[in-house]
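Peer 1: Sharing a structure here in structure tokens format.
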């Protein structure tokens, strides 16, 4: 064949061929992130989820399966903080922003200069006492860059806006009250000039909410509670849930014993996605409180489910309760990936959610109808999801009873997967899910409410699930509704995943290994031992020099790593709400200490 | 019953002594349910190992004798430890939201009166001040139970069973670990309370 001298003319053909090949490779079309929430990649990373569709996918392809073996450390930065580093760094305007766990310092690093020196730091100085009401380490899941400012929340319940150029505070707003047990650990999402922030504290009898603040002033525009009367949940005429059990007046009150909704949890500490075309935001609500289910008979609306709300007014559009009357602490706050994909021959606008209850949901994001729910981990607490009612079929044998120890409940309280987000590659059609494989023994006890102290009522001991591996990376074929392959990890996976156009997937382990695997086969291509366990979210960006970089925070902690971060005593397996039981070997494998690692090719 | 005459007249004391001869089991241990306690010598509770000018360390608080050797008080402390949600943060001694209490590391002192003061006053990195919530005697009982978690009370007085799912060897079987003052690491490091 003759060589084509004019490359630009040939490019469209190559692109077309690639698309055709992709279609050819898997008999079904690969789900695609919609263009408006997932615009073309510009090499920056301005929000933890990468884009509003929450794909956490980088289209940078300089680092490939071939050359990744040459990846080396470009620069590092110590945060000086010893607790769990769950955040994703942000990169924009030749600057990298890193927010730490409590005391929530925001660092700006100058990427335009050699070795990325510190540009400035901003210290919000949150109340030290907030550490005593943070259920699962004093983590922070990241910041958000929007319109020249960096937005993030502090552990003691404040939202702050910082000038991205000089680190000066623009405004700060107190939203939570630590004396009610409220903290904030989530990364805000900024949509159309509004900063969306929700509270944490589902283990302290907190009433959950999500609020929208004016990005310029910090003024509250709307606030939607997760329990209580319709007007406080922002349920009105537009609310059209798909399932009958979600229809009715004031279900946020009526599905609880009297007054129990006031302490009912449903905190909003996870991820939010946004579809600009439908003008809807999507987010999940946390577990109902207390864990002891006998103290709150009923469906406990609107806890452990997904809300779709109008992005301007907060008015609820639909709700789907993945875990009605949760009995195992299965929050529903995990990431929500927006995709368009054919279902039964018709293109549907869907959201994909690897849920804590062990099912991977594909839900019509216009109506809230569950299109499919398939187990992606070991589950015996339920036996499938009834698509007629949307409800999981509960296995009563695994339901806690007062004063009785129920053994071998799978998944354990942190679910088949906790907060740490997956990544979707449109090149492979696979969702890379970093998750856990734990089961538990649980004994329910009477919980006593004292404001600002734990409100749990459950004795828990966790341990490795079937197979003995505590962690799994599952490459889930969304179209085929089954795993393509899995990587078993000894320790629970508590880090996020990052897929890149170089057909690599990056993730970290709790003993500190940062790994790159082949996105198509799962083959380990490269790894690097960082100083502490990794529970952060890796990102990729294009540096001012045009090179591709991959960055991740190392620094063990979080609920799973509390045994190291909090120097807990492993002789008590019930420590850290029962997680210590499964992690007693971690202190022998890693030590604490926060450090940013940035990698590049030579 | 036996303690009825404890603070009574001379005659009552005599009677008590006589009855003790016959019912010696009664005096095995005293149970005070809500007796007024001598005020804690709060100004004497210190948490530093440094005493400027070679100052003399104050004598142990008299509550030690009353509470640390008393199975009833310690058992009450164990019950209260659950009821006041101490378990929620410190688990069954291993810690979680709060630090471990069954090890030998003590940020604010591991002696009875020091633990009592930590419970009462709270501590800046997250320990709530329970002095306004829990009555004084119950705070001493909690402190005595916390001491039992590290084996620092007589074995005969320490709880020897759990009412709930056994998570660890009971306090009576915990080896004695004398407290080591570790001091609170600086709050800016994001340490646990």
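None of the figures in this text is laboratory data; all of them are computed from the coordinates on show. Quantities reported herein were computed from a predicted structural model and do not represent experimental measurements. All Cβ positions, even for glycine, are placed from backbone atoms using ideal geometry, and neighbour counts span all protein chains on display.
Peer 1: Looking only at residues that are assigned to a loop (DSSP other than H, G, I, E, B) and within 14 Å of another protein chain (Cβ to nearest Cβ) in the stretch B:136-165, which one is farthest from residue B:63 (Cα to Cα)?
Peer 2: Taking the stretch B:136-165 first, the residues assigned to a loop (DSSP other than H, G, I, E, B) are B:150-165.
Narrowing the set further to residues that are within 14 Å of another protein chain (Cβ to nearest Cβ) leaves B:150-151, B:162-165.
Working: B:150: 18, B:151: 18, B:162: 25, B:163: 27, B:164: 29, B:165: 31 Å.
Looking at the filtered set, the residue picked out is B:165.
Peer 1: So, in the stretch A:229-251, how many residues would count as being touching a helix residue (DSSP H, G or I) at 6+ places or on another chain (Cβ under 9 Å), more than 24 Å from residue A:52 (Cα to Cα) and surrounded by fewer than 23 Cβ atoms within 10 Å (Cβ to Cβ)?
Peer 2: Number satisfying all stated conditions: 8.
Peer 1: Among the residues of the stretch B:81-102, are any assigned to a helix (DSSP H, G or I), surrounded by fewer than 24 Cβ atoms within 10 Å (Cβ to Cβ), more than 10 Å from chain A (Cβ to nearest Cβ) and touching a residue at least 24 places away in the same chain (Cβ under 8 Å)?
Peer 2: The answer is yes; a qualifying residue exists.
Peer 1: Now for a separate question. Looking only at the stretch B:43-63, decide whether some residue is within 14 Å of chain A (Cβ to nearest Cβ), assigned to a loop (DSSP other than H, G, I, E, B), surrounded by fewer than 22 Cβ atoms within 10 Å (Cβ to Cβ) and without any contact (Cβ under 8 Å) to a residue 60 or more places away in the chain.
Peer 2: Among the residues of the stretch B:43-63, not one is within 14 Å of chain A (Cβ to nearest Cβ), assigned to a loop (DSSP other than H, G, I, E, B), surrounded by fewer than 22 Cβ atoms within 10 Å (Cβ to Cβ) and without any contact (Cβ under 8 Å) to a residue 60 or more places away in the chain, which makes the answer no.
Peer 1: Where residues in the stretch B:106-133 are within 10 Å of chain A (Cβ to nearest Cβ) and in contact (Cβ under 8 Å) with a residue 12 or more places away in the chain, which of them is farthest from residue B:95 (Cα to Cα)?
Peer 2: Here the answer is B:133.
Peer 1: Collect the residues in the stretch A:108-118 that are surrounded by fewer than 20 Cβ atoms within 10 Å (Cβ to Cβ) and either touching a residue at least 40 places away in the same chain (Cβ under 8 Å) or closer than 23 Å to residue A:168 by Cβ (or both), keeping them in residue-number order.
Peer 2: A:110, A:112, A:113, A:115, A:117, A:118
Peer 1: Would you be able to tell me the number of residues in the stretch A:569-580 that are surrounded by fewer than 24 Cβ atoms within 10 Å (Cβ to Cβ) and more than 8 Å from chain B (Cβ to nearest Cβ)?
Peer 2: 0
Peer 1: Given the stretch A:386-457, what strands (runs of 3 or more DSSP E) lie entirely inside it while holding 1 or more residues that are within 14 Å of chain B (Cβ to nearest Cβ) and in contact (Cβ under 8 Å) with a residue 12 or more places away in the chain?
Peer 2: Qualifying strands (runs of 3 or more DSSP E): A:405-409, A:438-444.
Peer 1: Related question: I'd like the full set of residues that are under 23 Å from residue A:79 (Cα atoms) and either in contact (Cβ under 8 Å) with a residue 60 or more places away in the chain or out of contact with any helix residue (DSSP H, G or I) (no Cβ under 9 Å at 6 or more places or on another chain) (or both), limited to the stretch A:577-587.
Peer 2: Start the filter on the stretch A:577-587 by keeping residues that are under 23 Å from residue A:79 (Cα atoms), which leaves A:586-587.
Answer for the stretch A:577-587, where residues must be under 23 Å from residue A:79 (Cα atoms) and either in contact (Cβ under 8 Å) with a residue 60 or more places away in the chain or out of contact with any helix residue (DSSP H, G or I) (no Cβ under 9 Å at 6 or more places or on another chain) (or both): just A:586.
Peer 1: Is it the case that residue A:422 is within 30 Å of residue A:342 (Cα to Cα) and under 23 Å from the mean Cα position of the chain (by Cα)?
Peer 2: Yes: the conditions hold for residue A:422.
Peer 1: If I filter the stretch A:463-480 down to residues being part of a loop (DSSP other than H, G, I, E, B) and under 21 Å from the mean Cα position of the chain (by Cα), which single residue comes out as surrounded by the most Cβ atoms within 10 Å (Cβ to Cβ)? I'd like the intermediate steps shown before the answer.
Peer 2: So in the stretch A:463-480, the residues part of a loop (DSSP other than H, G, I, E, B) come out as A:465-470, A:478-480.
Narrowing further to those that are under 21 Å from the mean Cα position of the chain (by Cα): A:470, A:478.
Numbers: A:470: 23, A:478: 21.
Ranking the candidates gives A:470 first.
Peer 1: So which strands (runs of 3 or more DSSP E) stay within the stretch A:115-192 end to end and still have 1 or more residues that are under 20 Å from residue A:270 (Cβ atoms) and more than 14 Å from chain B (Cβ to nearest Cβ)? Steps first, please.
Peer 2: Details: elements: A:118-122, A:144-146, A:149-153, A:158-163, A:169-174, A:189-191.
Fully inside the stretch A:115-192 and qualifying: A:144-146, A:149-153, A:158-163, A:189-191.
Peer 1: Mind listing whichever residues of the stretch B:171-181 are part of a loop (DSSP other than H, G, I, E, B), buried (at least 17 other Cβ atoms within 10 Å of the Cβ) and away from chain A (no Cβ under 12 Å)? Show your work before the answer.
Peer 2: If we filter the stretch B:171-181 for residues that are part of a loop (DSSP other than H, G, I, E, B), which is where we start, we get B:174-179.
Those still in the list that are buried (at least 17 other Cβ atoms within 10 Å of the Cβ) too: B:174, B:179.
Answer for the stretch B:171-181, where residues must be part of a loop (DSSP other than H, G, I, E, B), buried (at least 17 other Cβ atoms within 10 Å of the Cβ) and away from chain A (no Cβ under 12 Å): just B:179.
Peer 1: Considering only the stretch A:553-568, state which residues are surrounded by 24 or more Cβ atoms within 10 Å (Cβ to Cβ) and assigned to a loop (DSSP other than H, G, I, E, B).
Peer 2: Matches in the stretch A:553-568: A:555, A:556, A:557, A:566, A:568.
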